[in-house]
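Notes follow the structure.
The values are calculated or read from the model by the stated rules, or taken from the named source; none is laboratory data. Here the structure is a predicted model, which means the values were calculated and not measured. Cβ placement follows ideal geometry from the backbone for every residue including glycine, while neighbour counts extend to all protein chains displayed.
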């Protein structure tokens with residue numbers, strides 16, 4: 001047994017001191033081919049400094065061996081020493097046998113720095129040099145998957161399948177295809193591939209995407225089963241809780257959905273969306289106190305989230321807590337752009353608190369957005385009626401009846417006003 005093999009066995013058995021001794025002996029006594037293999041094994045195991053020492057030792061002996069430079073560059077990138085990595089890569093010339101690998105390593109470097117345009121240039125150059133090289137196809141697929149260009153990613157993943165690969169670098173290609181199709185909204189195709197993922201590659205991400213895809217397809221029972229199993233096996237997977245709560249809510253299993261949402265908040269207590277979702281679930285259970293608690297917390301966590309703010313406002317309107325609603329929404333009027341729903345909700349509260357001038361301003365501000373909304377027009381008619389604005393009431397009422405001609409109550413009101 002060589003010292004390199006002995007060292008790897010000792011690492012496997014947790015004998016670190018003995019492994020250090022064997023490592024020194026390997027550097028001094030093992031042949032170069034064995035040392036190169038040792039460097040690869042150490043790198044794969046995450047012993048970067050030891051792998052670096054092996055490659056530097058070999059580079060002293062073989063200064064023209066550019067593969068060693070690309071390996072050293074990869075280690076430097078993993079350690080965050082990008083300038084050092086660039087120095088190694090710059091020494092690899094286009095006529096070198098290692099140039100293709102150097103392009104892939106360079107692409108990895110620029111990707112870590114989020115210089116995606118340069119990353120793409122390096123990968124496409126590699127593809128021009130070796131269009132049928134699986135490592136290049138995989139790198140391109142992963143790159144486009146990362147930046148959300150799923151159609152491009154699909155092209156390269158399918159190329160790998162065409163070359164006979166169902167997995168590459170410990171990544172299941174069917175899983176990637178499923179994820180790409182799901183992110184592109186092509187859920188039927190996505191589910192077909194996700195269900196082909198081999199058991200050893202059934203990660204939490206894959207299982208979550210499978211459940212989410214089933215949910216998107218309306219396969220609620222299947223989604224519930226998949227997401228429940230995921231949470232049981234990986235209870236810290238926070239994203240599974242709102243998805244499962246949604247699946248249960250769509251089946252009208254509101255108490256179960258609330259329990260899941262509450263468990264999710266135990267995992268991710270700063271998730272404002274989950275608080276808002278829990279509040280929406282509670283609305284079906286009639287617990288106004290708990291609903292207010294969740295909405296208050298959601299708004300505290302995300303005061304600038306307009307969707308949550310309006311959800312809270314709608315709750316306050318339903319509870320006739322108009323002072324609280326005005327306090328919530330009035331500050332938003334100072335913003336450059338105000339959502340028309342803000343004006344409408346404020347108008348309701350101002351009218352109910354008999355602040356009619358403010359109500360009128362808000363109704364007028366909301367009117368362009370809701371000019372053909374029967375609910376809005378009916379409320380506006382009520383405002384004009386309460387404030388005695390007959391000239392504004394009549395055209396608004398007539399327009400409302402054009403949209404809702406069967407509303408007998410409003411027909412009677414029009415007849416009453418037209419009579420006088």
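Got at least one residue in the range 64-71 being surrounded by 15 or more Cβ atoms within 10 Å (Cβ to Cβ) and within 18 Å of residue 5 (Cβ to Cβ)?
Taking every residue of the range 64-71 in turn, none turns out to be surrounded by 15 or more Cβ atoms within 10 Å (Cβ to Cβ) and within 18 Å of residue 5 (Cβ to Cβ).
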Residue check: is residue 97 under 23 Å from residue 68 (Cβ atoms) and free of Cβ contacts under 8 Å to residues at least 40 places away in the same chain? yes
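Tell me, which helices (runs of 4 or more DSSP H) lie completely within the range 128-239 with 1 or more residues that are in contact with a helix residue (DSSP H, G or I) (Cβ under 8 Å, 6 or more places away or on another chain), crowded, with 20+ Cβ neighbours inside 10 Å and in the same structural domain as residue 262 (by the TED database)?
Qualifying helices (runs of 4 or more DSSP H): 220-233.
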Confirm whether residue 290 is under 17 Å from the mean Cα position of the chain (by Cα) and in a helix (DSSP H, G or I). no
Criterion: within 41 Å of the chain's Cα centre (by Cα), over 26 Å from residue 304 (Cβ atoms) and modelled with pLDDT of 95 or more - qualifying residue of 375, 396, 387: 375
Scan the range 251-267 and give yes if some residue there is in contact with a helix residue (DSSP H, G or I) (Cβ under 6 Å, 6 or more places away or on another chain), closer than 26 Å to residue 225 by Cβ, free of Cβ contacts under 8 Å to residues at least 60 places away in the same chain and in a loop (DSSP other than H, G, I, E, B), otherwise no. yes
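Looking at 365, 369, which one is within 36 Å of the chain's Cα centre (by Cα), surrounded by 16 or more Cβ atoms within 10 Å (Cβ to Cβ) and modelled with pLDDT of 95 or more?
365
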Does residue 88 fit the bill of being closer than 23 Å to residue 40 by Cα and out of contact with any helix residue (DSSP H, G or I) (no Cβ under 6 Å at 6 or more places or on another chain)? no
Which members of the range 274-286 meet the condition of being under 16 Å from residue 247 (Cβ atoms) and either in a helix (DSSP H, G or I) or touching a strand residue (DSSP E or B) at 6+ places or on another chain (Cβ under 9 Å) (or both)? 274, 277, 278, 280, 281
Can residue 96 be described as at pLDDT 95 or above and not in a helix (DSSP H, G or I)? yes
Within the range 66-92, tally of residues that are assigned to a loop (DSSP other than H, G, I, E, B) and in contact (Cβ under 8 Å) with a residue 24 or more places away in the chain: 3
